[in-house]
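The values are calculated or read from the model by the stated rules, or taken from the named source; none is laboratory data. Just so we're clear, the structure is a prediction, and the values are computed from it rather than from any experiment. Cβ coordinates were reconstructed from backbone atoms using ideal geometry, including for glycine residues, and neighbour counts include every protein chain displayed.
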Amino acid sequence: MDDDFFSEVAEPIPFGGLDSTDPLAFKVYEPDRLVLGKRMEDHLRIAVCLWHSFNWPGSDVFGSGTFDRPWLDPRLDPMIAARAKLDAAFEFVTKLGVRFFCFHDRDIAPEGRTFAETRANLDAMIDHAETHMARTGVKLLWGTANLFSHPRYAAGAATNPDPEVFAYAAAQVKAMLEATHRLGGANYVLWGGREGYETLLNTDLAREEAQLARFLAMVAEHKHRIGFKGMLLIEPKPQEPTKHQYDYDCATVHGFLARHGLAGEYRVNIEANHATLAGHSFHHEVAYAVATGIFGSIDANRGDYQNGWDTDQFPNSVDELALALYEILRAGGLTTGGFNFDAKLRRQSMGRTDLFHAHIGGIDTLARALLVAGGMIERGALERLREERYAGWAGDLGRSILSGEVLLEMLAGRVATGEIDPHPVSGRQELLENIVNQEIWAADRPARDEKAAGR
Ligand code: XLS
Ligand code: NI
Ligand code: NI
């Protein structure tokens with residue numbers, strides 16, 4: 001397996017524009033294009049994920065792998081296969097022309113017969129990744145440890161009833177946190193794969209919560225000990241693989257962090273489809289995280305509204321992403337976070353170039369959503385209407401209530417005399433929705449139209 005696994009693709013994918021008929025060109029994504037004074041590439045910080053795209057053969061519960069991934073052949077020597085996989089991944093990332101990648105320890109290095117062997121495998125592959133990163137300039141958006149695939153983690157990692165499993169997970173996270181640090185990773189992610197329960201009949205909720213809190217405190221302590229400056233991120237998910245996961249959604253994670261004195265240490269990595277599985281919109285999860293100061297990064301994908309599982313499809317809805325991006329831009333944009341494609345091809349997408357089509361479409365969707373969100377910020381109509389809605393709180397009454405100067409009794413007195421007598425006002429939802437749609441329809445239009453529209 002040489003350098004040319006994706007030989008049908010010229011490098012890197014060019015910008016073709018909306019009129020391009022080349023399926024292997026970006027229609028919207030132009031890394032250098034400025035949106036609100038910042039380059040698209042710097043706004044989006046796009047990353048390729050190694051698990052679905054390089055470490056998954058296209059299997060499902062009813063059938064085996066369908067994809068052309070020669071390095072996943074079980075007859076190969078695991079370390080030779082691991083090198084070939086990483087080589088192909090770097091070829092892909094550079095041909096796609098994005099700046100970041102993300103991976104679990106097990107995506108790049110196979111488990112050995114002993115922990116020492118597993119460590120040695122990881123160290124060797126981290127060396128290999130370091131060489132590729134130096135050669136290509138590709139950076140690590142985040143690293144994470146796979147604490148859910150091996151049978152030892154069947155009953156959870158930190159929340160396992162057996163403290164030896166907790167200890168094993170701790171050793172694994174220590175190794176991967178250090179590897180992430182070594183590669184200059186911008187973040188470290190903890191998705192609570194099997195931190196949850198299958199049945200309450202064998203589960204001690206209070207004990208498992210205490211274990212998880214202790215684990216996360218130890219990880220934060222180690223981060224500071226080794227001087228890792230990246231952000232620690234928890235990725236909420238309501239269920240799957242367990243029936244109920246403890247990191248259900250952003251609000252649950254936020255409450256958990258506050259309860260255990262960890263609020264300053266962790267932020268969230270929000271996955272679009274996990275939001276919908278939790279019964280929220282992606283927009284809601286992003287807005288909630290921004291409002292509570294825990295927003296970190298994004299796993300960009302989508303679910304299927306007829307299915308109740310994590311279908312991890314590549315994003316293709318500008319409407320949905322634009323609202324999430326609007327919240328992110330309002331909050332000042334991404335800092336250490338980015339948009340990674342925790343998304344997988346459909347099982348029938350067996351061609352090598354399908355991986356390009358999936359990423360190109362996802363990136364163009366993000367880019368278009370960024371233009372829409374940038375437009376909404378620039379024109380400021382939504383913000384003005386939102387501010388107007390709360391204007392009363394800037395007045396004497398609002399300020400005196402929030403400052404704690406007035407008591408229930410005093411307010412009751414003013415209401416009783418008729419001095420305070422509120423009248424309902426319109427929430428103007430349809431108007432707001434029209435403004436959003438206008439922005440979606442208008443993004444990218446020539447400047448002269450803008451003048452004509454008098455905006
Ligand atoms: C699974 C999660 C997983 C995390 C990384 O649903 O999305 O892929 O992003 O462990
Ligand atoms: Ni997921
Ligand atoms: Ni994810």
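Tell me yes or no: at least one residue of region 358-365 is surrounded by 12 or more Cβ atoms within 10 Å (Cβ to Cβ), at pLDDT below 95, under 30 Å from L141 (Cβ atoms) and of a type in the set (A, V, I, L, M, F, W, C). Looking for residues that are surrounded by 12 or more Cβ atoms within 10 Å (Cβ to Cβ), at pLDDT below 95, under 30 Å from L141 (Cβ atoms) and of a type in the set (A, V, I, L, M, F, W, C), one finds none in region 358-365, hence no. Residue check: R39 meets all listed conditions (1) more than 20 Å from V93 (Cβ to Cβ); (2) of a type in the set (K, R); (3) free of Cβ contacts under 8 Å to residues at least 12 places away in the same chain but one, namely (1).
Counting only helices (runs of 4 or more DSSP H) that fall entirely inside region 335-419 and contain at least 3 residues that are touching a residue at least 24 places away in the same chain (Cβ under 8 Å), away from ligand 2 (no atom under 16 Å from the Cβ) and more than 24 Å from N437 (Cα to Cα), the qualifying elements are 354-379. Scanning region 307-317 for residues being at pLDDT 95 or above and either buried (at least 22 other Cβ atoms within 10 Å of the Cβ) or assigned to a loop (DSSP other than H, G, I, E, B) (or both) gives a total of 5. Of all residues in region 52-70, those that are within 27 Å of the chain's Cα centre (by Cα), touching a residue at least 60 places away in the same chain (Cβ under 8 Å) and not in a loop (DSSP other than H, G, I, E, B) total 3. Sub-8 Å Cβ pairs linking a first residue in region 187-208 that is without any contact (Cβ under 8 Å) to a residue 60 or more places away in the chain to a second residue that is among the hydroxyl-bearing types (S, T, Y) and assigned to a helix (DSSP H, G or I), at least 6 apart or interchain, are Y188/T180; G193/Y153; R194/Y153, ordered by first then second residue.
Filtering region 432-447 for residues that are surrounded by 12 or more Cβ atoms within 10 Å (Cβ to Cβ), modelled with pLDDT under 95, small (G, A, S) and on the phi < 0 side of the Ramachandran plot leaves a non-empty set. Residues that are assigned to a strand (DSSP E or B), away from ligand 2 (no atom under 16 Å from the Cβ) and over 15 Å from A220 (Cα atoms) within region 176-201 comprise just one, Y197. Restricting to region 291-304, name every residue that is under 14 Å from the mean Cα position of the chain (by Cα) and either hydrophobic (A, V, I, L, M, F, W, C) or over 24 Å from H52 (Cα atoms) (or both). Residues satisfying the conditions are I294, F295, I298, A300.
Within the option set A300, A275, being within 16 Å of ligand 2 (Cβ to nearest atom), under 16 Å from W142 (Cβ atoms) and either crowded, with 23+ Cβ neighbours inside 10 Å or free of Cβ contacts under 8 Å to residues at least 12 places away in the same chain (or both) holds for one residue only, A300. Only residues that are under 18 Å from the mean Cα position of the chain (by Cα) and either within 19 Å of V173 (Cβ to Cβ) or modelled with pLDDT under 95 (or both) were counted in region 212-239, giving 8.
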